[in-house]
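Asker: Quick one: the structure is below, and I'll ask about it shortly.
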Amino acid sequence: MSPARADFATRGAPVGQGARAFRKVLVANRGEIAVRVCRTLKEMGIPSVTVYSDADRGAPHVRSGDESVAIGPAPPAQSYLNAQAILEAARRVGADAIHPGYGFLSESAIFAKQCRDAGLTFIGPSPESMARLGDKSAARRTAAECGVPCVPGAEGVDSVERALGEADRVGYPVLLKASGGGGGRGMRLVRARDEMPAALEAARREAGSAFGDERLLLEKYVHPARHIEIQILADGREVAALGERECSLQRRHQKLIEESPSVAVASSLREAMQGAAASLARAASYAGAMTVEFLLGPDGTFYFLEVNTRLQVEHPVTEMRSGLDLVRAQILIAAGRPLGESLGKGTPELRGHAIEARLCAEDAYQGFLPQTGKILLLAWPKADGSRVDTGIAEGQTLHPYYDSLLAKVIALGRDREDARAKLLSALRGTALLGVVTNQSFLIDLLEDAAFRQGETFTHTVESREWQAPKEIPDAVLAAAATFLTSPKAAGDGEEETDRYSPWQRLGGWGRTP
């Protein structure tokens, strides 16, 4: 632990106006982000508490905390989205702050206010800032007030008739989007009038399930487009923009590959986008980490998309280039520390090129169908310039209740090609048996000519048919051999060995890692 981090954790007297030290932080999330937050809390010397549903009992994130508390049944609405259960857990263990991670309640202004009313610090923006920026409809209004160009569209699309009228006005195709959350949940592309009724119902149902909020908005579908986002840190007064990330490679509006910098963003465009993002933070007196997302059109025009008033899944990309710990920055800012304490000597210089790949339990060659099952063998790569953020373990059973994200593999290189080569090496050196994942598909994306040339757009993945590879990666062969000759495999009995055979679970020679 560095002296600065130890000093923050142990000093009893406040430093600076409104500053305080947290006694104990409850992490209101699961999986890799809960593990990630607990790691920084441990480095800072702050006791942590994790929460878990019945399905997650014994999961790695539970063991990451100094304490753990059960909060309810497996469905998120009864556990990770159950604000009262989480607040009660914080009260029981004596936590004085809550870190929401991403997803679930992380962008709920209501939950942020409930934390404040309960005397707890919500490690994120104030309820007022979140309501102004985290809600997509309100964020569009704020962006318009700040002079930030917005995609043509409409808020409060609460009926088929209104949706059809607005779609006729802006022109097809259009996107239906959840007002109260992100991550691709509650989003549907509508190409023609006859698709609207079913798409509206599906988007509303998914938004309600994911965020407890069925409100939708409608936007013109910009095509072809790149997805560019700006990372912001702010303390309610000062604002720092930490460069861009490109997240154009997506499926079902959820990201697969993220990188920084973007090959499509020149310095003048970067300055304009960073200025627009910073203006939104200032308008909302924002304190914490946030990401402003834009669509970059084929003519070089950018449009405001949304604000994520939380930590992004892809935040390690910025961390690798900047040397910052964005979770630590969130905690310091929530504790009333000035922005400069997080940044050090001014805004850090961004070095090299970083790329992140999301390893998910899904069959990318069969419509990205989510997968479940037991992880029989797991081995992560050990390579210079790479990082793995994960919340899974060997022997763990994956359930259908939660997001398919298993881990994030990130590489930093001196330039884009160096980072790409390092990430490919790390992915090839990863072995996960027992569950179908998108590992081979991620390798395909990184080796594809479109990615090599930097010609990737939001439709790139879903506009093509991808063929499953015919060869099994060497890492898988080695892992399978290890598993088949291990005592635990030999002792399972013939029936169990057949049932969980890696060769059976590979499902198509290489669709699994």
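The values are calculated or read from the model by the stated rules, or taken from the named source; none is laboratory data. From a predicted model like this one, the values you see are computed outputs, not experimental measurements. Here the Cβ positions follow ideal geometry from the backbone for every residue, glycine too, while neighbour counts run over all protein chains shown. Note: areas computed on protein heavy atoms with side chains; ligands, DNA, RNA excluded. Shrake-Rupley method; radii C 1.70, N 1.55, O 1.52, S 1.80 Å.
Asker: Residues 207, 225: which one is open to solvent by less than 20 Å² (accessible area, probe 1.4 Å) and under 29 Å from residue 100 (Cβ atoms)?
Answerer: After ruling out the rest, the residue left standing is 207.
Asker: Quick one: residue 256 ticks every box in (1) of a type in the set (A, V, I, L, M); (2) within 18 Å of the chain's Cα centre (by Cα); (3) within 18 Å of residue 457 (Cα to Cα); (4) open to solvent by 10 Å² or more (accessible area, probe 1.4 Å) bar one, so which box is it?
Answerer: (4)
Asker: Do you know which residues across segment 65-83 are in a helix (DSSP H, G or I), surrounded by 16 or more Cβ atoms within 10 Å (Cβ to Cβ) and touching a residue at least 40 places away in the same chain (Cβ under 8 Å)?
Answerer: 76
Asker: Here's another thing I want to ask about it. Being in a loop (DSSP other than H, G, I, E, B) and more than 18 Å from the chain's Cα centre (by Cα) is the filter; apply it to segment 285-310 and report the residue that is surrounded by the fewest Cβ atoms within 10 Å (Cβ to Cβ).
Answerer: Selected residue: 299.
Asker: Of everything in segment 184-212 that's part of a loop (DSSP other than H, G, I, E, B) and free of Cβ contacts under 8 Å to residues at least 60 places away in the same chain, which residue is farthest from the chain's Cα centre (by Cα)?
Answerer: Selected residue: 192.
Asker: Determine if segment 319-333 includes at least one residue that is aliphatic (A, V, I, L, M), outside any loop (DSSP other than H, G, I, E, B) and open to solvent by 20 Å² or more (accessible area, probe 1.4 Å).
Answerer: Yes, segment 319-333 contains at least one residue that is aliphatic (A, V, I, L, M), outside any loop (DSSP other than H, G, I, E, B) and open to solvent by 20 Å² or more (accessible area, probe 1.4 Å).
Asker: When the residues of segment 381-418 are narrowed to those that are farther than 29 Å from residue 211 by Cβ and of a type in the set (Lys, Arg), which ends up most open to solvent (accessible area, probe 1.4 Å)?
Answerer: Here the residue is 382.
Asker: Of the residues 350, 359, which is of a type outside the set (Lys, Arg), surrounded by fewer than 24 Cβ atoms within 10 Å (Cβ to Cβ) and modelled with pLDDT of 95 or more?
Answerer: 350
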